[in-house]
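Everything below concerns the one structure shown next.
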Amino acid sequence: MRELKSVQVTRLGPALGAEVSNINLGTLKPEQAKVILGLLLEHKVLFFPGQNLDIDEHVAFGEHFGELEGHPHKINPFTGHSKVFELAASHGGIADEWHSDITFQPNPALFSILNMVKCPSIGGDTLWTNPELAYEGLSAPLRELCDGLTALHNAEPHGRSDVMTIHPVVRSHPDTGRKGLFVNEHFTRRIVELSHVESSLLLSHLTSWVASLQFTVRYSWTQGTIAMWDNRCTQHKVLNDFKEERLIQRVTVMGDRIESRIPKWDPFVRVGHASDTSRFDKLLLDCLSQQKPPGQS
Ligand SMILES: O=C(O)CCC(=O)C(=O)O
Ligand SMILES: [Fe+2]
């Protein structure tokens, strides 16, 4: 109990993010895991500098929060650990587009827990943003429009365009009830109820709006830092501005359940109306034939 009281929390900005010290994640007790969950709800992304966990400690830390799952497409022979996903910059592992993790699956990642194994002496910061603030900052008519829409996400960045799902454009956090935008630059391809042209315009607005600096926090790494974020109410991206090796390992807590929302409108499909622009609707049609949108039986 004494150890819990001594945890120190320093906010890193008004939008989100806090650094937590005076806690040893390698010997975490269940009651301390509860404290971390409370802090995560409040700050959305937490940083624990100076932890220097080995792989087994990293996995054990993650298991306090639920079931872990390796990355569905990126197998990392290096770690030899099925639950640990690794990104090495020297092998192209730089996640430099805004995203939340694994949104191309019906049940995306809940929490991600990153170990900064090796960081460049300068550059390679990661940014997180708060999509709840971004949603709240939209005009009332645009919020209302977005509330009734769904979007197609797929794993095209991993060469798997065929792995796709549909999520609401706005989701409510199950623990806080706060609504946030749930479309991202990396995995979201199309708004289901809009035409291709309208979808591109709206997605481009929403994905750049969510990245507005006032909603973000930027973290400069030191080796051995653990970061943990809630994918239900954040997005992140790495700044690709470094030359030296940058190596991260991540464990992913699965189990996100996105509330099913009945879209206000039908999908934009024009069956039997083939034209030059039909190719833009192909992915949507393929997806709809694979699955029904949320809320439709
Ligand atoms: O390397 C980073 O800072 C973040 C990489 C990333 O997107 C992830 O681990 O989910
Ligand atoms: Fe990520």
Cα gyration tensor category, rounded, prolate or oblate, for segment 110-172 with a/c compared to 1.5: oblate
Could you run the Debye sum over the Cα atoms of segment 20-112, one equal point scatterer each and no solvent, and tell me log10 of I(q)/I(0) at q = 0.19 Å⁻¹, two decimals? -1.15
All Cα pairs of the chain, percent lying beyond 25 Å: 49 percent
So, in nm, how far is label residue 34 from label residue 285 when the simple model puts each one 7 Å beyond its Cα toward the Cβ? 5.5 nm
If I model a spin label as a point 7 Å beyond the Cα along the Cα-Cβ vector, how far apart are those points for residue 139 and residue 201 in nm? 1.3 nm
Under the rule rounded for a/c under 1.5, else prolate if a/b exceeds b/c, else oblate, using alpha carbon gyration tensor axes a ≥ b ≥ c, segment 228-297 is classed as oblate
Compare the peptides 160-173, 208-221 by average per-residue count of other Cβ atoms within 10 angstrom and give them in order, highest first. 160-173, 208-221
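Which whole-number percent is the relative contact order of segment 8-297 (Cα, under 8 Å, 6+ apart)?
Reported relative contact order: 31 percent.
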Which of rounded, prolate, oblate describes segment 210-250, given a ≥ b ≥ c as roots of the alpha-carbon gyration tensor eigenvalues and a/c under 1.5 marking rounded, otherwise prolate only if a/b is larger than b/c? oblate
Over segment 64-194, how many percent of alpha carbon pairs lie in each 5 Å bin up to the one with the longest distance? 2, 8, 16, 20, 20, 15, 10, 6, 2, 0, 0
Using the Karplus curve 6.51 cos²θ - 1.76 cosθ + 1.60 with θ = phi - 60°, work out ³J(HN,Hα) for each residue of segment 245-261 in order, rounded to whole Hz, and write x for Gly and Pro. 5, 9, 10, 10, 10, 9, 10, 10, 8, 8, x, 5, 10, 8, 4, 8, 10
Net length gained if the chain between residue 264 and residue 161 were fully extended (0.36 nm per residue, minus Cα distance): 34.5 nm
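Laboratory data are not the source of any read-out in this text; all were calculated from the coordinates shown. Treat the numbers as computed from the prediction; the structure is a model and nothing was measured. Cβ: placed from backbone, ideal geometry, glycine included. Neighbour counts: every protein chain shown.
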